[in-house]
Structure formats: structure tokens, C-alpha cells
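Data first, discussion second: the structure below is written as C-alpha cells.
The values are calculated or read from the model by the stated rules, or taken from the named source; none is laboratory data. These numbers come from a predicted model, not from an experiment. So basically every Cβ, Gly included, is an ideal-geometry build from the backbone, and we count neighbours across all protein chains shown. The protein model used for the area step is the full one, side chains on, heavy atoms only, and it has no ligands, DNA or RNA in it. Shrake-Rupley method; radii C 1.70, N 1.55, O 1.52, S 1.80 Å.
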Amino acid sequence: MTTGRSNGRRASNQQTAQDYLLTLGTNISIMALGAVTGSVSAHLLHAAGRGQLTSIQLWPSLLAVIATFGMPESISFFTAKYRDNSRQYLTTAVLLALILSIPIVTTLYFLLPSILHNKGLSIASGARIFLLFVPLYALNFLPSQAVRGSHRYLLWHVLRILPKKESLGS
């Protein structure tokens, strides 16, 4: 005899399996897009240009992650646990990340020419421009984690894939 409780458990297990498959498919898609864009950029930029691009992107990208100080996981966790307060968590995290990015970006702006001295002034200048990525990372990435915490996985995966797809230029 099947009870309502076992039907609910079966539906929950089925939803978990669907969410897992969606995540797996998205991760594979992101890896495939990364392989394609990496191959295309390596072909177009050749070895020297690819190394220069990496030099420009490395430090600002690293600091973008540091500037969020674990907030993406926190937003996801607290949104899942306290859904009614998710807007306050997201707003606080975005503001905090933007405020924290100011000294990080400012410091790196002045340090980049020394850090990249052997790469040339044009590479350091490119990296300085790419520092704008640090606050944009917070504005782009943190809201998607609130979506993740609210268990809207299809939308979360779309938000994860869009930046990768846009890097293909379409």
C-alpha cells in the first residue's frame, strides 16, 4: 500500500535527480564552451597573445573572487534557509562586495605596473582596465546565487551559461 508520504518522497527524489541531471548538463556545457573559446582564442591570439590575455585577466579575476569573501555561498545558504529575508541578504552582500572592491581595485591599480613590469606597459594598462571586472563580478555573480538558494535551478543554470555563451561572440 502506497501512502502519501512515500509518494511525496518519490516526487522529491525524482526532483533531486532532475536537478542533478540539469546541473551535470550545465557543467558539461560550460566545460565545452570553455574548450571552444580557449581553442579559438589560442588560434586567434597565438601563444604570445594568449599569454598576454592571461596576464591581463589573472590578477583582476583573482581579486574579484577575493572581494566577495565567501558571500556567494552565504547568499545561497541563507536564501535557502530564510527565503523571506533573501532580498536583504543579497542587497547587503552586493553592497559589501562593492565597498570592499574599492580598496582592492585601488591598491591593485597602483601595483599592477610593478607586478607586470616584465610584460610591458600595454599589458599593465590592459589589466588596469580589466579591474572594472571586479565590481561587475559582484553585480553579476551574487544575484545568481540568490536564485540558486531559492531552488530555481533552471534559471540559475541559464545565468551560469550566459556569460560563457557571450564569450563566443554570439
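Please give the helices (runs of 4 or more DSSP H) falling wholly within region 63-170 in which 1 or more residues are open to solvent by 50 Å² or more (accessible area, probe 1.4 Å), modelled with pLDDT under 90 and among the small types (Gly, Ala, Ser).
Details: elements: 71-81, 86-115, 121-130, 133-149, 153-166.
By residue number, 121-130.
For residue 44, the conditions (1) part of a helix (DSSP H, G or I); (2) on the phi > 0 side of the Ramachandran plot are fulfilled apart from (2). Among the residues of region 31-46, the one identified as closer than 14 Å to residue 161 by Cβ and among the hydroxyl-bearing types (Ser, Thr, Tyr) is 37. The residues on offer are 12, 41, 6, 29, and the sole one that is surrounded by 14 or more Cβ atoms within 10 Å (Cβ to Cβ), at pLDDT below 80 and either of a type in the set (Ser, Thr, Tyr) or out of contact with any strand residue (DSSP E or B) (no Cβ under 6 Å at 6 or more places or on another chain) (or both) is 41.
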